[in-house]
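Scroll down for the structure; my scribbles are underneath it.
The values are calculated or read from the model by the stated rules, or taken from the named source; none is laboratory data. Because the structure is predicted, anything quoted here is derived from the model rather than measured. Here the Cβ positions follow ideal geometry from the backbone for every residue, glycine too, while neighbour counts run over all protein chains shown. Ligands, DNA and RNA are excluded from the accessible area calculation, which covers all protein heavy atoms including side chains. Shrake-Rupley method; radii C 1.70, N 1.55, O 1.52, S 1.80 Å.
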Amino acid sequence: MKHLFTQLLTVLLCTCVGAQTYVSVELQETLTAAQAGAGLPIATDYDLENYKILYRTVDALGQPDTASGLLSIPTERSLKFPMAVYMHGTVTDREAVPSRPGVAERAVVTAFATNGYIVVAPDYIGLGDSDGFHPYVHAASEASAGRDLILAAQEWMDEQEIYYNHQLFLTGYSQGGHAVQALHRDLQTEPGNDSLTVTAAGHLSGPYSISEVMRQATLAEGQPTLPGYIVYTYISYNNVYDLYDSLGSAFVQPYLSVIKQYDAEEIDGVAFNAQLSVLLEENEDRLIDMFQDSIRQQIETDDDDSPTIQALRDNDTYDWAPEAPTLIFYCTADEQVPFRNSILADSVMRDNGSTSVVLRNGGPLSHTACAPFALLTTLNFFNTYAMTEPSTAVGQVIELPELGISPNPVAAGAEIRINGLPGGNCHYTLYDVSGRIVTRGALATDGIVPTSATLRPGLHLLRISLPNGDFAVRKLLLR
């Protein structure tokens, strides 16, 4: 994605003090729809503005913190877009986060935003601009980082008169799957206000079952693909829950020295995984052999009285019943996050009474190969529920008597031509009778608009947005 970033603007828009939620918002870049869509396997509709946002939240110990994240907004101001949250996957250093231009995972945010969503993506506590340690797969701080970023973005957009509608979509992959499940649970339990009511969510290939499925992964035979990620979990929980007198009381040499280096941020995640893999192979050890016997026994026996086991259980995220439509996506050849996490989450959520969970198997793909299919499936899933509304505050309805549509009625799947278009960069949006968007895009100079053969017959509304924000509306009958 770094080749897409042709502009890097460092324009400080707002620095705030006092009781306000957000701290500052900085415009980083403006992308055309073509730039945003380069290399993506999807159609792109809207130009974007990407902002780095700093906002107030609390860390894993409940102390005030300033965290960073990305805010990506379609530049079309005549429409109210839904909001979406993207929770990113595990990163190998604190700079590999969505708020940093050029980071590959930023492409996910771009894909959703250029398709008509206002997207926020938290960097998480201890990453990006947040000081201190990152509480890896710590459910409470993941949820609070996401919630507080939504509120900060909404507050800033309200002040800037950038309008959004009442819908809220949530998704995340890998660690982000765990984070979004924690956030979704938190927002359903305590929404706080109507703007935090979840419309739909995608929980994608996440380690939801820390105390069972991921604990079993710690005990597995053979060499783990990325041993550092599992060990990272125990380091993280020690930092949050103060589980051990020292790391030496939990881990043995020769692994302890490397673990201490990583905990002190003297090496990054890539080096951490590589060095642990070499040591495991040289010593013909399993991952559990890194632990002191006392901790190993607690993990093996699932000891109810063990602070370690209690910390693992505290960060399970699946034992509840989603009310909003919820996609759970996994792949069966995932070598990093066992797919049984998803099977278990689906089963327990259904047993708890949820009727809105949709389980999807992406097939025998690796963790990395699974990601684009999971995210594309999620985007399509969200698009079945997403609505985009006209903004009454920007632009106005105009007559444009010279604007005509032919043919009308039109057979679904055929093209229509819009005649009498004014000059400039115009866009079209086609709504069904319920107000849901069925297609949208930029208007070519010839005024041709395609329709899909899958559209249902009946009355539709075609909105033509002009460069100045004004718009005209025409009825279109599909047959």
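For residues in region 270-302 being assigned to a loop (DSSP other than H, G, I, E, B) and under 16 Å from TYR237 (Cβ atoms), which is least open to solvent (accessible area, probe 1.4 Å)? The extreme case among them is ASP302. Answer with yes or no whether LEU344 is more than 19 Å from the chain's Cα centre (by Cα) and under 27 Å from SER141 (Cα atoms). When the stated conditions are applied, LEU344 passes them.
Somewhere in region 188-207, is a residue in contact with a helix residue (DSSP H, G or I) (Cβ under 7 Å, 6 or more places away or on another chain) and within 27 Å of THR301 (Cβ to Cβ)? Looking through region 188-207, at least one residue is in contact with a helix residue (DSSP H, G or I) (Cβ under 7 Å, 6 or more places away or on another chain) and within 27 Å of THR301 (Cβ to Cβ).
Applying the criterion of at least 2 residues that are of a type in the set (Phe, Trp, Tyr) and open to solvent by less than 60 Å² (accessible area, probe 1.4 Å) to the strands (runs of 3 or more DSSP E) found wholly in region 360-479 leaves 427-431.
Is it the case, given these coordinates, that ALA179 is among the small types (Gly, Ala, Ser), crowded, with 18+ Cβ neighbours inside 10 Å and within 28 Å of GLU49 (Cα to Cα)? Judged against the criteria, ALA179 is a match. Residues considered: THR66, THR114. Of these, the only one that is open to solvent by less than 10 Å² (accessible area, probe 1.4 Å) and either farther than 20 Å from ALA182 by Cα or more than 12 Å from the chain's Cα centre (by Cα) (or both) is THR114. Among the candidates VAL240, VAL252, the residue that is β-branched (Val, Ile, Thr), in contact (Cβ under 8 Å) with a residue 40 or more places away in the chain and open to solvent by 30 Å² or more (accessible area, probe 1.4 Å) is uniquely VAL252. Of all residues in region 314-339, those satisfying the criterion of being surrounded by fewer than 17 Cβ atoms within 10 Å (Cβ to Cβ) and either in contact with a His (Cβ under 6 Å, 6 or more places away or on another chain) or not β-branched (Val, Ile, Thr) (or both) are ASP314, ASP319, GLU323, ALA333, GLU335. Residues in region 169-195 that are free of Cβ contacts under 8 Å to residues at least 40 places away in the same chain and among the charged types (D, E, K, R): GLU190, ASP194.
Any residue at all in region 43-60 that is open to solvent by 30 Å² or more (accessible area, probe 1.4 Å) and at pLDDT below 90? So far as region 43-60 goes, yes, one or more of its residues are open to solvent by 30 Å² or more (accessible area, probe 1.4 Å) and at pLDDT below 90.
Sort out which residues of region 198-239 are at negative phi, outside any helix (DSSP H, G or I) and over 16 Å from the mean Cα position of the chain (by Cα), and write them in order of number. Listed by number, the residues that qualify are SER209, ILE210, SER211, GLU212, LEU219, ALA220, GLU221, GLN223, PRO224, THR225, LEU226.
Once region 303-339 is narrowed to residues that are among the hydrophobic types (A, V, I, L, M, F, W, C) and in a helix (DSSP H, G or I), the residue that is nearest to the chain's Cα centre (by Cα) is LEU312. Looking across ALA113, ALA121, ALA153, ALA140, one residue alone is more than 25 Å from ALA371 (Cβ to Cβ) and either in contact with an Asp or Glu (Cβ under 8 Å, 6 or more places away or on another chain) or among the small types (Gly, Ala, Ser) (or both). It is ALA140. Residue check: ALA107 meets all listed conditions (1) modelled with pLDDT under 95; (2) of a type in the set (A, V, I, L, M, F, W, C); (3) assigned to a strand (DSSP E or B) but one, namely (3).
Among residues of region 349-378 that are of a type outside the set (A, V, I, L, M), those with a beta-carbon under 9 Å from a residue that is outside any loop (DSSP other than H, G, I, E, B) and open to solvent by 80 Å² or more (accessible area, probe 1.4 Å) at least six positions away or on a different chain give the pairs GLY362/PHE373; GLY363/PHE373; THR377/ARG360.
Considering the conditions (1) modelled with pLDDT of 95 or more; (2) open to solvent by 10 Å² or more (accessible area, probe 1.4 Å); (3) on the phi < 0 side of the Ramachandran plot, SER174 is excluded by exactly one of them, (3).
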